[in-house]
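Throughout, read-outs are computed from the coordinates displayed, never taken from laboratory work. Bear in mind that the values here come from a model prediction, so they are computed numbers and not experimental data. Heads up, the Cβs are rebuilt from the backbone with ideal geometry, glycines too, and the neighbour counts pull from every protein chain shown.
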Amino acid sequence: MADSTAGDKALPAGLGLGRLLTALGERSDYDAVSQCTRCGYCAQACPTYTATGRESISGRGRNQLVRGLLEKRFADPSCTADALSTCLLCGACTTACPARVPTADLVLEGRRLLRAGHTPWLAQVLTGLVFRRRGLLVFLLRWGFRLQRWGLSTLAARSRILHLLGLGGLAEASLQVDEAPERFLFEDLVLDPELKAAAESRWAYFAPCGSNFLHPRVGRATVSVLKALHGKGFFLPDSCCGLLPYNYGDLNAARDFAKANIERFEASGCPEPAVVVGDCSSCVAFMKSYPQLFLGEPEWKSRAEGYSSRVRDVLEMLPLERLPALDFPGPVTYHDSCRAKNAQGITAEPRRALRALAGDRYRELPESDCCGGAGAFAFAHPELSDRVLRKKISNIASTRSLVVAASATSCLVQLAHGLKKYYPECRVAHLCELVAEGLSSSTAAPKGPVS
């Protein structure tokens, strides 16, 4: 099918992807957004619309704003900034859409157009540290977490000093993130003699930044589960999946991260049919989408397709016949991380796994939609995020659960914050942590890896 894009309705060169992989195949931004018929199926699926009732921040509202930007209909394009910046990028609109319009990708294209190639300075600094100055990043994080454990970062946030310095988002993060690990995940994994690449390796563990630096307990649980259920595997030293620069407009940096990860995997000698496994659904979903970064580079697109075809969310690696029952003290429920549900279509697997663990203590969560975390969204838009979060915690409380399982770093942070604030009887855990707990407490004889 021919692309209907007119040249004057395309993004200026270098400002965005320009072309997207959609349910209809590869399409230009304009062709993709033109598939929106404004039917409204997305409205009740959109967390920001249901929280506010504002049409401009519904899926179809944002589609029309992006279309208007491409058609140059706005005398002042910045009038669209609020609607585009408040999108959670959860993808629920696309899941509800009969035409599967990729609204989240289109919103990102709109943001890139408004920024005119300028990436926010904090995202630039973090990207540079992760990619080129990893040692310095580790040093800064270690000291930052020490200050947090000592209570000094919280004091600075509450004193409004960070707000006066233009670091309001950092202040919100300091107040909402409770965990401050003393040791990072990679420091343990590189010392594990069992995690070396070998001909019999069945999996390679990719450590997302959240598991690496904020929730090392999640990464340790994941590796222990993979060892128990799938046998031999190895740790794949990595930098970052590239989602941070991708979401904040630096596509060149996102491609650099993707290329580095692809090259590192290819050089590892990981045998067929071993897979790359990650335990943050947001990062995994992005790695599965790497081919979209290289639509104009056939060689790299082919390599990205080969890599992404072997990427798995750990939620896909939990065979029911291997999962023991776990004696939960009360009801347990499951929260769908948006990028597992909407970007990867993973909904049944984690529920089956949690039912195997919890038995009749499993409770289905009403309206298992976005929690309002969405990476840095909770820190940049705390009031709107909290409105979405309150609804989520209310639904969790309605099940009377004492544990809620999730699968993405931002969900773990957001739900921990919300439960502490509104429903402290409940705790949040990564699903792999619960599986690891069940495996460690099981008295059953261990079985061989699943074929």
Show which lysines lie in cross-link reach of K301 when reach means a straight Cα distance below 18 angstrom and same-chain residues fewer than eight apart are skipped.
K259, K288
Sorting S394, S407, S308 on the 10 Å Cβ count, fewest up front, what's the list?
S394, S308, S407
Between 0 and 90°, nearest 10: helix 382-398 axis offset from the chain longest Cα axis:
40
Along the stretch 26-41, Karplus-curve 3J(HN,Hα) (6.51, -1.76, 1.60; θ = phi - 60°) to the nearest Hz, with x for Gly and Pro, reads 6, 9, 5, 3, 5, 5, 5, 6, 6, 6, 6, 9, 6, 5, x, 4
For the stretch 328-384, state which GluC sites (Glu not before Pro) are in a DSSP loop and have at most 15 other beta carbons lying within 10 Å of their beta carbon.
E364, E367
extent check for the chain: Cα max minus min per principal axis, descending, whole Å, gives 68, 49, 44
Counting Lys and Arg as +1 and Asp and Glu as -1, each charge on the Cβ, what is the dipole of the stretch 272-366 about the Cα centre in debye, to the nearest 20?
160
Can you tell me what percent of all Cα-Cα pairs in the stretch 320-441 are more than 25 Å apart?
19
What angle, in degrees between 0 and 90 and rounded to the nearest 10, separates the Cα long axis of helix 409-422 from the longest principal axis of the Cα atoms of the chain?
80
Would you compute, from DSSP H runs of 4+ residues alone, the mean residue ellipticity of the chain at 222 nm, taking -39500 (n - 2.57) per run and dividing by the full residue count, rounded to the nearest 500?
-13500 deg cm²/dmol
Contour minus end-to-end for S398 and T347, with contour as 0.36 nm per residue of separation and end-to-end as the Cα-Cα distance?
16.3 nm
Can you sort M317, M287 from fewest to most other Cβ atoms within 10 Å of each residue's own Cβ?
M317, M287
Would you mind ranking H118, H381 by Cβ crowding within 10 Å, fewest neighbours first?
H118, H381
Which listed pairs, of K341/K420; K341/K421; K232/K391, have C-alpha distances above 32 Å, in listed order:
K232/K391
Which value in nm describes the separation of the simple spin-label points at A325 and A99, placed 7 Å from the Cα toward the beta carbon?
5.1
Pull up the cross-link candidates among the lysines for K72, meaning alpha carbon to alpha carbon under 28 Å and not fewer than 8 places away within one chain.
K9
Mind listing which GluC sites (Glu not before Pro) in the stretch 16-105 are in a DSSP loop and have 15 or fewer other Cβ atoms within 10 Å?
E71
Assign unit charges at the C-beta atoms only (+1 for Lys and Arg, -1 for Asp and Glu), then state the dipole size of the stretch 320-441 relative to its Cα centre in Debye, rounded to the nearest 20.
200
Counting other Cβ atoms within 10 Å, which trypsin sites (Lys or Arg not before Pro) in the stretch 347-430 have at most 15 and lie in a DSSP loop?
R400
Can you give me the distance in nm between label points at D82 and E383, each placed 7 Å from the Cα along the Cα-to-Cβ direction?
1.0
Crossing angle, helix 431-441 versus the chain [Cα axis fit, 0-90 degrees, rounded to tens]
0
Of the candidates Y423, Q344, L384, the farthest towards the positive dipole end of the stretch 320-441 (Lys/Arg Cβ +1, Asp/Glu Cβ -1, centred on the Cα centre) is L384
Calculated FRET efficiency, L191 and V138, Cβ-Cβ r, R0 25 Å, to nearest 0.05?
0.95
Compute, for the chain, the length of the dipole vector about the Cα centre, with Cβ point charges of +1 (Lys, Arg) and -1 (Asp, Glu) only. Units Debye, rounded to 20.
620
